[in-house]
1. State yes or no: is residue 83 buried (at least 17 other Cβ atoms within 10 Å of the Cβ), in contact with a Lys or Arg (Cβ under 9 Å, 6 or more places away or on another chain) and part of a helix (DSSP H, G or I)?
2. Hey, could you check the range 99-148 for residues that are without any contact (Cβ under 8 Å) to a residue 40 or more places away in the chain and of a type in the set (Lys, Arg) and say which is least open to solvent (accessible area, probe 1.4 Å)?
3. Pairs only if they're at least six apart or on different chains, beta carbon under 6 angstrom, first in the range 71-86 and aromatic (Phe, Trp, Tyr), second outside any loop (DSSP other than H, G, I, E, B) and open to solvent by 60 Å² or more (accessible area, probe 1.4 Å); list them, first residue then second.
4. Any residue at all in the range 26-46 that's closer than 24 Å to residue 111 by Cα and either touching a residue at least 40 places away in the same chain (Cβ under 8 Å) or of a type in the set (A, V, I, L, M, F, W, C) (or both)?
5. In the list 64, 95, which residue meets the criterion of being closer than 30 Å to residue 14 by Cβ and buried (at least 18 other Cβ atoms within 10 Å of the Cβ)?
6. If a residue has to be assigned to a helix (DSSP H, G or I), open to solvent by 30 Å² or more (accessible area, probe 1.4 Å), among the hydrophobic types (A, V, I, L, M, F, W, C) and under 17 Å from residue 119 (Cβ atoms) to count, how many in the range 9-53 make the cut?
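The values are calculated or read from the model by the stated rules, or taken from the named source; none is laboratory data. Just so it is clear, the structure is predicted and the values come from calculations on it, not from any experiment. Glycine gets a Cβ as well: all are built from the backbone with ideal geometry, and neighbour counts include every protein chain shown. These accessible areas exclude ligands, DNA and RNA; they are computed on the full protein's heavy atoms, side chains included. Shrake-Rupley method; radii C 1.70, N 1.55, O 1.52, S 1.80 Å.
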Amino acid sequence: MTVKGRPPAVGTRSDAEAVQRALAAEHAAVYGYGVLGARLAGTLREIAKAVWEQHRDQRDRLIAVVSGTPVAAAPAYRLPVRPTSARAAAQLAAALEDGLVPAYVGLAGVSSPGLRALAADGARRAVARSAAWRTRAGVAMPADAFPGLPDAAVDPRPEPGG
């Protein structure tokens, strides 16, 4: 998502904050995939490794567009699912992807068309990967179109008479 080889421009402070939130979410995903990969074998492990590499690449893209000092990765993260089995690892992967959606939807509201495109692609990929991991884990899809987003973000229309 670059114009003539340059990363998309970060135009405002709120744009920069949105990039930092997406970067923080990618740091968490990179960490989580590193943890869950140890519980997988064969094809699933290869898939997890490929997705881990995609998250590392996306993290590096975001670092390239940050104005100022990029938010650092934490030494460790509290994971929403303990990956004690292959099924739990797939559930963790789905949860990690769900966690990326709000960060990318928030990034989609920035002024830079290049960053909006990066955000839309990031959200789309996260939702698709979440669905694939849920299928592998044998768990139901969430009822929400965009897991992790508050209802107001999904349907921001004001209440009638309000």
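1. In short, no.
2. So the residue we want is 116.
3. 77/31
4. Yes, because at least one residue in the range 26-46 is closer than 24 Å to residue 111 by Cα and either touching a residue at least 40 places away in the same chain (Cβ under 8 Å) or of a type in the set (A, V, I, L, M, F, W, C) (or both).
5. Going through 64, 95 in turn, the sole match is 95.
6. 1
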